[in-house]
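Report on the following structure.
The values are calculated or read from the model by the stated rules, or taken from the named source; none is laboratory data. Worth saying up front: this structure is predicted, and the values here are computed from it rather than measured. Cβ placement follows ideal geometry from the backbone for every residue including glycine, while neighbour counts extend to all protein chains displayed. The area values use the complete protein model at the heavy-atom level, side chains included, leaving out ligands, DNA and RNA. Shrake-Rupley method; radii C 1.70, N 1.55, O 1.52, S 1.80 Å.
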Amino acid sequence: MSEPSLIDPAELARNLAEVQTEIAAAAKAAEREAGDIGLVAVSKTHPAAAIEALHALGQRRFGENRVQEAQAKYGALRDGLPGLELHLIGPLQTNKLRDALALFDVIETVDRPKLAEAMAAALQQPTTPIRMRACFIQVNTGEEPQKAGIMPHEADDFIRHCREDLHLPVAGLMAIPPAEEEPSPHFAWLRCCAKRHGLRQLSMGMSADYPVAIGQGATLVRVGTAIFGHRPALR
Ligand SMILES: *Cc1c(COP(=O)(O)O)cnc(C)c1O
């Protein structure tokens, strides 16, 4: 059964410290610098009070998977959260693109030509309010039909298209491996693909597997449950 989401600052502080300790340990084991690994605190479904408490503890990067929920929560909060860096980690529909470009600092889910082309067009219009300064290309490494992401065999062409034809500010690659599979081969595939393209950033690893992802080169890990507690069952 799921417990209610955490808004007790002491418990959030303990969880955050635990995750930071795990990140440092995984980095050390991989002979990497802990400072090269960024933590995205995934706040979807969790209340503003929990976000504010985490910000007060020094956490600056947050992730949300729905544009509307993020607007509702962060639109009002933002002025009180200096240094906030907001990431979109869920699928983006083209009709929400303008809102997303104005709200998120980083969009991690560029996953198809139609979206990439609409993004490039919007970025070229001087009247579009833009906050986004970097994007990631999401790859469906498990080739799961229900999951977003460009298919692995199309990834090379799509990455080139986004960078060379569309001039999108692509910082790296993102993936969500199949829940029931050993994630390492997926992480390794993503790392090799990024390397081929000279991309430095790798967003991979969630509560269940972020230490493994760090071992495979993750530069951003997206952690929700291990910080905030369980989400309501429907999500
Ligand atoms: C919800 C979500 C996460 C965080 O998952 P946890 O298992 O709660 O850490 C990470 N990445 C994406 C894309 C998500 O939607």
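A few notes on this one:
- Residues that are touching a Leu at 6+ places or on another chain (Cβ under 8 Å), assigned to a strand (DSSP E or B) and within 9 Å of the ligand (Cβ to nearest atom) were ranked within region 207-235; the one that is nearest to ARG163 (Cα to Cα) is VAL221.
- Hey, GLU85 of a type in the set (D, E, K, R), touching a helix residue (DSSP H, G or I) at 6+ places or on another chain (Cβ under 7 Å) and surrounded by 14 or more Cβ atoms within 10 Å (Cβ to Cβ) or not: no
- First in region 74-86 and without any contact (Cβ under 8 Å) to a residue 12 or more places away in the chain, second anywhere and in a loop (DSSP other than H, G, I, E, B) and aliphatic (A, V, I, L, M), Cβ under 7 Å, 6 or more apart: ARG78/LEU84
- When region 45-68 is filtered for residues that are open to solvent by less than 40 Å² (accessible area, probe 1.4 Å) and within 23 Å of ALA208 (Cβ to Cβ), the ones remaining, listed by number, are THR45, HIS46, ALA50, ILE51, LEU54, GLN59, PHE62, GLY63, GLU64, ASN65.
- Residues within region 22-48 that are away from the ligand (no atom under 16 Å from the Cβ), under 21 Å from the mean Cα position of the chain (by Cα) and in a helix (DSSP H, G or I), tallied: 6
- Test: residue in region 136-149 that is in a helix (DSSP H, G or I), at pLDDT 95 or above and among the polar types (S, T, N, Q): no
- Region 129-152 residues that are within 17 Å of ALA171 (Cα to Cα) and open to solvent by 30 Å² or more (accessible area, probe 1.4 Å), paired with ones that are part of a loop (DSSP other than H, G, I, E, B) and of a type in the set (Phe, Trp, Tyr) (beta carbon under 8 Å, 6 or more apart): ARG131/PHE104
- Every listed requirement among (1) more than 13 Å from the ligand (Cβ to nearest atom); (2) hydrophobic (A, V, I, L, M, F, W, C); (3) open to solvent by less than 50 Å² (accessible area, probe 1.4 Å); (4) in contact with a helix residue (DSSP H, G or I) (Cβ under 6 Å, 6 or more places away or on another chain) is met by MET204 save one, (1).
- Condition met for PHE187 (touching a residue at least 60 places away in the same chain (Cβ under 8 Å) and either part of a loop (DSSP other than H, G, I, E, B) or within 14 Å of the ligand (Cβ to nearest atom) (or both)): no
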